[in-house]
Amino acid sequence: MEQKTTNSTLISFILNNKQINTSLPPGTTLLDFVRYNQHLTGTKIGCREGDCGACTVLVGELCEGAVRYRTATSCLMPLGNAPGKHIVTIEGINLDVLTPVQQAMTDESATQCGFCTPGFVMSLAGFCLSDKAPTRQNAIAAIDGNICRCTGYKSIERAAERVANQLEGCNGEEAAQFAVEQSILPDYFTHIPERLHTLSLRLNGEHQNGTLSVQYVGGGTDVYVQKHDEIKDASIQFLSDKPYLKGIRQEGRECLIQAASTVTDLIESVVIQTYFPDFKTYAKLVSSTPIRNMATIGGNFVNASPIGDFTIFFLALDATLALNDGSQTREVPLHRFYKGYKTLDKQADEVLEQIRFTLPNSATRFNFEKVSKRTHLDIASVNSAIRITVEEDIITDICLSAGGVAPIPKRLEKTEEFLIGKELTESLVIDAINVTQTEISPISDARGTETYKRLLLSQLIKAHFLKLFPGLNVEQLLTPSAL
């Protein structure tokens, strides 16, 4: 596709307490900008893949007049996603004395070499700015994207608990105001909503990149891992802040998800919470809080990974995608979107705009399972999801998906066809698994051998049925002869 470029776009945002206006390439990572352009070296360079959390910053943006802060790994965040926002590094939360977060880390001996400490402090500062209940569990969950190789974590967990205790007196007060009053954050935070509002009026959309290109970037959480050097100076069309690509809503029996909605947006969606009460549990198996804050659902689909967790999730919901090339929109069923390994039914100038699917009714059950070498912050060896309706013991509808067992995210259509219209029994599940084995083609790689992956999927399918239908006989399903 021919590329057309306009003049360099001025990128404007607030960095800590400073107004930033830069014409650097928008593909530059925020990490490199704060360290090498602004000389704020408290934000550390670690893995450059979003795994270690040493580069964690806060990203605040206006939402209905208030500023919502979320953590982000700056090694994966492009400058092009910063306009109109408040970016906070470790230097931006410092006071003349240690803040309660920093003091808690000190008192609990929660730092040794100190390299990871700024990331932990920023994640806990983000917790202080969230609407999460001030519990030990929530405080520890806030640092699930941070890795420490020295302390063994127990001292950090104690520090997190102390931070949670510090927040107990909030009593519904606006989080930033309370944090300033408690000297958790500098007082300039109370003026950020007004400053961002003024900045948004001045920008009036001017921060949108004027480049028409085949290179689209949403959250950047995968593309900056795969193409870090290549993308820095590329012509990029940024998608994550386009209003028409944001939002989750219900229309009748359908759920409509705009493609730039993040995983965190789904976790916080009332629609998703209502129809998928276990969604937060599923989502906790995917990446970490900072990555979930950044990663878009559309990006997960377009990435075309054979083990993309949310691709597998929405395959089981028989989702449909809406693609737009700027002049017309066409729809593609998600299970027809993948034509081969990393090959999509998508033109270079098309943007994935929306995902829609039918919401489950009271007779429909859903489950997602994932196995990886680490429970958290890891890529699946095999994952699977199921949507099933059983009426009077007869399977009347089913969608079953699996990842890690084929070159593409796989709908197990032969298995579905075998199960439809049959009475649900233990022997039927075992027979269905045998059918599944005929339609998958896993390969041996770093995440397991072919034999291991075949076994894993068999076990995950059993897990679906045992969880959704606890009346099934566990011993009958799990005997060696049933493997």
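The values are calculated or read from the model by the stated rules, or taken from the named source; none is laboratory data. Being a predicted model, the structure only gives us computed values, none of them experimental. Positions of Cβ are backbone-derived with ideal geometry, glycine not excepted, and every protein chain shown enters the neighbour counts. These area figures cover heavy atoms from the full protein model, side chains too; ligands, DNA and RNA do not enter into them. Shrake-Rupley method; radii C 1.70, N 1.55, O 1.52, S 1.80 Å.
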Can you tell me how many residues within the range 306-334 are buried (at least 20 other Cβ atoms within 10 Å of the Cβ) and in contact with a helix residue (DSSP H, G or I) (Cβ under 8 Å, 6 or more places away or on another chain)? 10
Per-region count, the range 395-444, residues of a type outside the set (Gly, Ala, Ser) and under 23 Å from Asp378 (Cα atoms): 10
Taking the residues in the range 148-173 that are among the acidic types (Asp, Glu) and under 27 Å from Gly53 (Cβ atoms) as candidates, determine which candidate is most open to solvent (accessible area, probe 1.4 Å). Glu168
Across (1) closer than 22 Å to Glu268 by Cα; (2) assigned to a helix (DSSP H, G or I); (3) without any contact (Cβ under 8 Å) to a residue 12 or more places away in the chain, Lys132 clears everything bar (2)
Can you find even one residue in the range 431-440 that is assigned to a loop (DSSP other than H, G, I, E, B), without any contact (Cβ under 8 Å) to a residue 24 or more places away in the chain, open to solvent by 60 Å² or more (accessible area, probe 1.4 Å) and out of contact with any Lys or Arg (no Cβ under 6 Å at 6 or more places or on another chain)? no
Tally of residues being in contact with a helix residue (DSSP H, G or I) (Cβ under 6 Å, 6 or more places away or on another chain), under 22 Å from Ile440 (Cα atoms) and either surrounded by fewer than 24 Cβ atoms within 10 Å (Cβ to Cβ) or aliphatic (A, V, I, L, M) (or both) across the range 295-305: 0
State whether the residues of the range 274-285 include one that is modelled with pLDDT under 95, open to solvent by less than 10 Å² (accessible area, probe 1.4 Å) and farther than 26 Å from Arg253 by Cβ. no
Show the residue pairs meeting these rules: Cβ distance below 6 Å; 6+ apart or different chains; first residue within the range 12-41 and more than 19 Å from Val217 (Cβ to Cβ); second residue open to solvent by 70 Å² or more (accessible area, probe 1.4 Å) and at pLDDT below 95. Asn21/Leu10
Quick check: anything in the range 457-470 of a type outside the set (Ser, Thr, Tyr), under 25 Å from Phe276 (Cα atoms) and in a loop (DSSP other than H, G, I, E, B)? yes
Qualifying positions in the range 174-191 - surrounded by fewer than 19 Cβ atoms within 10 Å (Cβ to Cβ) and among the aliphatic types (A, V, I, L, M): Val180
Can you name every residue in the range 310-363 that is acidic (Asp, Glu) and at negative phi? Asp325, Glu331, Asp345, Asp349, Glu350, Glu353
So Pro480 clears everything in (1) open to solvent by 60 Å² or more (accessible area, probe 1.4 Å); (2) modelled with pLDDT of 95 or more except one condition, right? Which one? (2)
Being in contact with a helix residue (DSSP H, G or I) (Cβ under 9 Å, 6 or more places away or on another chain), among the aliphatic types (A, V, I, L, M) and assigned to a loop (DSSP other than H, G, I, E, B) is the requirement here; does Leu98 meet it? yes
